[in-house]
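Colleague: Take a look at this one; I'll ask things after.
The values are calculated or read from the model by the stated rules, or taken from the named source; none is laboratory data. Computed from a prediction, not measured in an experiment: that's the story for all the values here. Cβ sites come from the backbone with ideal geometry, for glycine too, and all protein chains shown count toward neighbours.
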Ligand code: IMP
């Protein structure tokens, strides 16, 4: 049984957590393949609102196996908090959560290095979530990283001290002041909790489950436009957020990837710095932010808002091999007389309909087409037949221009606010 992948096609925050939660009854396993606690996947059901950072979004479904793959970076402190808040909701993760021994650990000095590095960048800062993600992936590729499997080894402390000393030297060179005691105490308490969890060689586990015919869903984090290779570099995260990341982050062979579900918002948002051609720095942007409650699930930062960007979406669909589109938050667009769609970019005298190499510095002017808006409150709509004609028109327009069917439409944060169009 091939592994399906679900990921974001924009700059993150497309609503992946909710959709994974909706999909899980159809899957036996949900596996995170990259990123770390920079992610904030929000799930809402039966009056409960819950944000997950590291743990896959299948934890609220009975009998669903949840795997944190080798491509993920884990902050034990955040993981401990997540486990404790799940315990309060009577979710016992002990038998359903498995963590790859090859996943890398974020140590307290990684987070301090993240802050020091952003401070050094000044105006050119990435707008990082400051969760230590970049420095941890740097240690991974620099062959200095601390892996989950080392927790089981006798020389874990030696490895930890060596990495910490390296960081302390760097921080001294950067002349960055910090205090570690409190965080280190929390870190070792959290490592104590991690020792009680199930560690696994997740690539073997997943391939075994696949052979047994289990249905597996790989859950992406962040978004395709934040991918380290294909995103708006350098304003990106430090991992491969695209479907290929599911292969390297889980140990799944490319031929074993099945459907690729690409999630996009009916408009567009970005949190942190970097280019955003369709950004609206006006009342309309503010209206979208308010109506969409566009504030980061991890950092609480206000998200930048703008119209949908077709060249960027088309690029993300191409890179990921998207087979099905999932549109979220068209309910936020209710009330607009006209909805704008960016169809191409004007750069000087040239107009192009693709993402150029120089996406960061080129003076990109979005070229828009206008579509009629709708007034209907969509949040109560449960059948496609009750869509206003203008929404159906918007969806048909997107399907035609993006050449991929929109299989699911989400009209609110709750599980129940989901319309499956095509199986
Ligand atoms: P980092 O991955 O925390 O270093 O952040 C790098 C960039 O990616 C920043 O612009 C962040 O705002 C953005 N980013 C990281 N994780 C997420 C996410 O889960 N959603 C949206 N943006 C994110």
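Colleague: What strands (runs of 3 or more DSSP E), lying completely within region 17-83, carry at least 1 residues that are surrounded by 24 or more Cβ atoms within 10 Å (Cβ to Cβ) and in contact (Cβ under 8 Å) with a residue 40 or more places away in the chain?
Modeller: Here the list reads 29-32, 41-45, 65-68.
Colleague: Another one. For region 126-145, name all the residues that are within 10 Å of the ligand (Cβ to nearest atom) and either under 18 Å from residue 300 (Cα atoms) or outside any helix (DSSP H, G or I) (or both).
Modeller: Matches in region 126-145: 126, 127, 128, 129, 130, 131, 132, 133.
Colleague: Another question, if that's okay. Being in contact with a helix residue (DSSP H, G or I) (Cβ under 7 Å, 6 or more places away or on another chain) and surrounded by fewer than 16 Cβ atoms within 10 Å (Cβ to Cβ) is the filter here; which residues of region 127-167 pass it?
Modeller: Of everything in region 127-167, just one residue is in contact with a helix residue (DSSP H, G or I) (Cβ under 7 Å, 6 or more places away or on another chain) and surrounded by fewer than 16 Cβ atoms within 10 Å (Cβ to Cβ), namely 144.
Colleague: A further question follows. Could you tell me whether residue 123 is over 21 Å from residue 37 (Cα atoms), within 16 Å of the ligand (Cβ to nearest atom) and in a helix (DSSP H, G or I)?
Modeller: Answer is yes for this residue.
Colleague: Give the residue that is surrounded by the fewest Cβ atoms within 10 Å (Cβ to Cβ), with candidates limited to residues of region 1-14 that are away from the ligand (no atom under 11 Å from the Cβ) and modelled with pLDDT of 95 or more.
Modeller: 2
Colleague: Which pairs have Cβ atoms under 8 Å, sit 6 or more apart or on different chains, and link a residue in region 126-147 that is at positive phi to one that is in a loop (DSSP other than H, G, I, E, B) and away from the ligand (no atom under 14 Å from the Cβ)?
Modeller: Here the result reads 132/107, each pair linking region 126-147 to a residue that is in a loop (DSSP other than H, G, I, E, B) and away from the ligand (no atom under 14 Å from the Cβ).
Colleague: Can you say whether residue 260 is at pLDDT 95 or above, under 18 Å from the mean Cα position of the chain (by Cα), surrounded by 18 or more Cβ atoms within 10 Å (Cβ to Cβ) and closer than 29 Å to residue 122 by Cβ, as far as the supplied structure shows?
Modeller: Taking the combined requirement at face value, the residue does not satisfy it.
Colleague: Can I ask one more? I'd like to check something: does region 331-341 contain any residue that is within 21 Å of residue 275 (Cα to Cα) and touching a residue at least 24 places away in the same chain (Cβ under 8 Å)?
Modeller: Yes, region 331-341 contains a residue that is within 21 Å of residue 275 (Cα to Cα) and touching a residue at least 24 places away in the same chain (Cβ under 8 Å).
Colleague: Which of the residues spanning region 263-278 are more than 20 Å from the chain's Cα centre (by Cα) and more than 20 Å from residue 395 (Cα to Cα)?
Modeller: Scanning region 263-278 gives a single hit, 277.
Colleague: Looking only at residues in region 191-242 that are within 14 Å of the ligand (Cβ to nearest atom) and in a helix (DSSP H, G or I), which one is farthest from residue 84 (Cα to Cα)?
Modeller: Step by step, filter region 191-242, then rank; the result is 225.
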